[in-house]
1. Binned at 10 Å from 0, what are the whole-percent values of the Cα-Cα distance distribution for segment 118-181, short to long?
2. Step through the residues of segment 100-106 one at a time and calculate ³J(HN,Hα) from phi using the Karplus curve (6.51 cos²θ - 1.76 cosθ + 1.60, θ = phi - 60°), rounding each to whole Hz and writing x for Gly and Pro.
3. Can you list the residues, at least 5 places off or on another chain, whose amide H is less than 5 Å from the amide H of Val173, using H built in the peptide plane?
4. Listed here are the pairs Lys159/Lys247; Lys19/Lys257; Lys6/Lys205; Lys141/Lys257; Lys132/Lys247; which of them are more than 29 Å apart at the Cα?
5. Once the Cβ-Cβ distance between Gln310 and Ala258 is put in as r, and R0 is 30 Å, what FRET efficiency do you end up with, to the nearest 0.05?
6. How many nm separate the modelled label positions at Phe298 and Asn29, each set 7 Å beyond the Cα in the direction of the Cβ?
7. Could you work out how much longer the chain between Thr274 and Leu84 gets when fully extended? Use 0.36 nm per residue separation minus the Cα distance between them, nm to one decimal.
8. How much length would be gained if the chain were fully extended between His15 and Asp155, taking 0.36 nm per residue of separation minus their Cα-Cα distance, in nm to one decimal?
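Just so it is clear, none of the values below were taken in a lab; they were calculated from the coordinates. It should be emphasised that the depicted structure is a prediction, and the values quoted were computed from it without experimental measurement. So basically every Cβ, Gly included, is an ideal-geometry build from the backbone, and we count neighbours across all protein chains shown.
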Amino acid sequence: MKSPNKPIGIFYEHHVWFKPLFDELQRRNIPFVRINAAQNQFNPQERDAPYSLVVNRVSSSAYLRGNVQGIFYTANFLNHIERLGIPVVNGTFAQEIETSKARQLGLIASLGLSFPKTRVINHISQLLSAAKSLRFPILLKPNLGSIGAGILKFDTPQKLQRAIDLHQINLGVDHSTLVQEFIPPKGGYIVRVETLNSKFLYAIKIFPARGNFNLSAAELHEIRTADKDSENSTGRIRVESFVPDRKIIDDVERIAKAARLDAGGVEYLIHPETNEPHYYDINALSNFIAQAEDVIGFNPHEAFVDYLEQRLQPVYELEHKPLL
């Protein structure tokens, strides 16, 4: 496909994670510019922008890398770009889903799907009463968070009360936290399903290291495909390629469509008592698995750039429409 007159704008905040995407764009000679979400500006009075398409890839985990300003700025920037009529991959609605676990669970609930029992609080005074309305153990999850950052687990109300008394609880960047029943996943793994254009792309089983909630796909560099009972297997995250049941794939595609994900992931676990899937996280701006070809057998960045080319086609045709 020929390129439109303007480059693609890649709105991002992690230089290493997006190198495979940049490499694939360069390989195909597709013009693009890097837009650093952590250091950027725009003019609300402008009537055009120098992009044919903008790709939003700013994760809510950006604050962990000192880019908290990028998270809240992104919604304003995307609103500006969309107002100018420039197509956006993972637009403002997807960004709003990305930055609120409460909204994610609300969306899952609206589809009639199961998720761990949860309360949402905005003040430390509400924490103990919310927790006591659930079954322990419980998890505290920052509403704005990603890759498992900031998640705390408490086995008893007494341990939670002690943490409160010692001022060890941080309600997160937006001062909202999910208080959620902890469900030990059946088989010791959770599943992350990646979608593209709201369709199944691939899935992986993730066997977390014991006590580790950090499940960033782009950081899963130490991949173990050996038997789960092998020596020291609990000391690191193990990842396996996986294809869920058709019903689960259908559920995930419904979630992706409702969240308006052009590209993104959904995580679920199987409840050990009911054998039912419980969906608990929507990664609207998730990154693809590291060492993808070794794990899932193909390079998902190629499929992603195929999709970008499809999104560019109407732009190209509009710009090169013959004069009458």
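1. 24, 62, 14
2. Each residue's phi maps through the Karplus curve to give 8, 5, 5, 5, 4, 5, x Hz.
3. Long-range HN contacts for Val173: Leu144.
4. Working: Lys159/Lys247 39 Å; Lys19/Lys257 27 Å; Lys6/Lys205 40 Å; Lys141/Lys257 25 Å; Lys132/Lys247 34 Å.
Pairs exceeding the cut-off: Lys159/Lys247; Lys6/Lys205; Lys132/Lys247.
5. Values: r = 21 Å, r/R0 = 0.71.
The value I calculate is 0.90.
6. Roughly 2.5 nm, to one decimal.
7. Values: separation 190, 0.36 × 190 = 68.40 nm, distance 4.88 nm.
Here the answer is 63.5 nm.
8. Numbers: separation 140, 0.36 × 140 = 50.40 nm, distance 3.83 nm.
Here the segment from His15 to Asp155 would lengthen by 46.6 nm.
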